[in-house]
Amino acid sequence: MGTPDRVMLFDVDGTLVDSNDAHARAWIETLSTFGIERDVAAARRLIGMGGDKLLPVLTGIAADSDLGREITKQRSGHFRRTYRDGLRPFRDTRALFLALRERGVRLGVATSSDEEDLQRLLEVAQVADLVERRASADDADRSKPDPDIVHAALARLGHPRHARVSMVGDTPYDIEAARKAGITAIGFRCGGWSDGELAGAADVFDNPADMLAHLERALAA
C-alpha cells in the first residue's frame, strides 16, 4: 500500500504510452467516413481532452447528439482495431512506477480514455499491476480539462485529504485539470507539447525515463 502522505496520479495517453498520434489519426480517419474532412494536426492539438469536448471543438457536432454518438462509437472501434495493439510504452515507464512504489508513493491513474481502452493501455505500459486505483471517462460527467476525473481518482484512493498529491500529464488539459482540482501538476514533454504550453506545471520532464533519472526532484515538486 504506500504511505498516505504522497500520491501521484498519472495520465496515460502520451504520458505512459506513445499514443497521441494514433488517437488523432483515428479521429480524422473516422470523420472522413462521415464526409467530414479535418487536418490531423488540428485533432492532434486536442488529444488529451475527452471525446465529449474534442468532437464539438473539432467539428461543431455535439457529442451527445445522435450523429456525435455514432461518430464516437465508430472512432473507438477504429482505434481499437487499427492502432491500440500496436502501441508501445515510453522507456522506463514500469521502472519509474516501481521506484515510486519503493518510496511509498501511492499511484493512481486519471485518464480521459474509457475503461475498456484504459485496461489495455495499462497492460501496454506494463504497469497495470502497480496502479492502486484508477478513474477513466466512465467515472466522470466531464472530461479534462475539467477536474472530475481527478476527483474520481482521489475518491477511489480514499480521499487522501492531507496527502501531497501530484498529477503527471503531457498536455495543457492535464495541467488545467490539476489546477482546478487544487493539486500540483507535473508535465511530460513526450506528448508533443512545449514547456510554454505546459505552463503551470511545478516541473517538466522529457518522459518517464527523465523523471526516473531525477526522481528526488520530481518528488519535491
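With N set to the number of residues, divide the alpha-carbon radius of gyration of region 20-85 by 2.2 N^0.38 Å and report two decimals.
On the way: Rg = 10.5 Å, N = 66, 2.2 N^0.38 = 10.8 Å.
Computed over Cα atoms of region 20-85, the ratio equals 0.97.
Please give me, ordered by residue number, the chymotrypsin sites (Phe, Trp or Tyr not before Pro) of region 1-98 that lie in loop per DSSP and have at most 16 other Cβ atoms within 10 Å.
Working: sites: PHE10, TRP27, PHE34, PHE79, TYR83, PHE90, PHE97; in loops: PHE34, TYR83, PHE90.
For chymotrypsin sites (Phe, Trp or Tyr not before Pro) across region 1-98 that sit outside H, G, I, E and B with at most 16 neighbouring Cβ atoms in 10 Å, the list reads PHE34, TYR83.
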Inter-label distance for ASP64 and ARG189, nm, one decimal - labels placed 7 Å from Cα along Cα-to-Cβ: 4.1 nm
Counting all C-alpha pairs of the chain, share separated by more than 28 Å (%): 23 percent
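Expressed in nm to one decimal, what extension gain is obtained for the pair ARG217 and GLU197 from 0.36 nm per residue of sequence separation less their Cα-Cα distance?
Working: separation 20, 0.36 × 20 = 7.20 nm, distance 2.10 nm.
Here the segment from ARG217 to GLU197 would lengthen by 5.1 nm.
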Spacing of the two label points (7 Å from each Cα toward its C-beta) at GLN74 and ALA95, in nm: 4.4 nm
Inter-site label distance for VAL57 and ASP39 at 7 Å from Cα along Cβ, in nm: 1.6 nm
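Net charge around ALA128, counting only other residues with Cβ within less than 14 Å of its Cβ (Lys, Arg = +1; Asp, Glu = -1)? Could the numbers behind the result be given before it?
Details: positive: ARG94, ARG101, ARG120, ARG133, ARG134; negative: GLU115, GLU116, ASP117, GLU123, ASP129, GLU132.
Counting the neighbours of ALA128, the net charge comes to -1.
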Cβ-based exposure ranking for THR30, THR82, THR111, in which fewest neighbours within 10 Å come first: THR82, THR30, THR111
Net charge dipole size for region 20-85 [Lys, Arg +1 and Asp, Glu -1 on Cβ; Debye, nearest 20]: 200 debye
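Among THR171, THR93, rank each residue by its count of other Cβ atoms within 10 Å, from fewest to most, as a rough exposure measure.
Details: THR171 28, THR93 25.
Ordered from fewest to most neighbouring Cβ atoms within 10 Å, THR171, THR93 come out as THR93, THR171.
A short reminder: the numbers here are calculations on the coordinates, not readings from a lab. Values in this document were obtained by computation on a predicted structure and should not be read as measured data. Note that we place each Cβ from the backbone using ideal geometry, even for glycine, and neighbour counts take in every protein chain shown.
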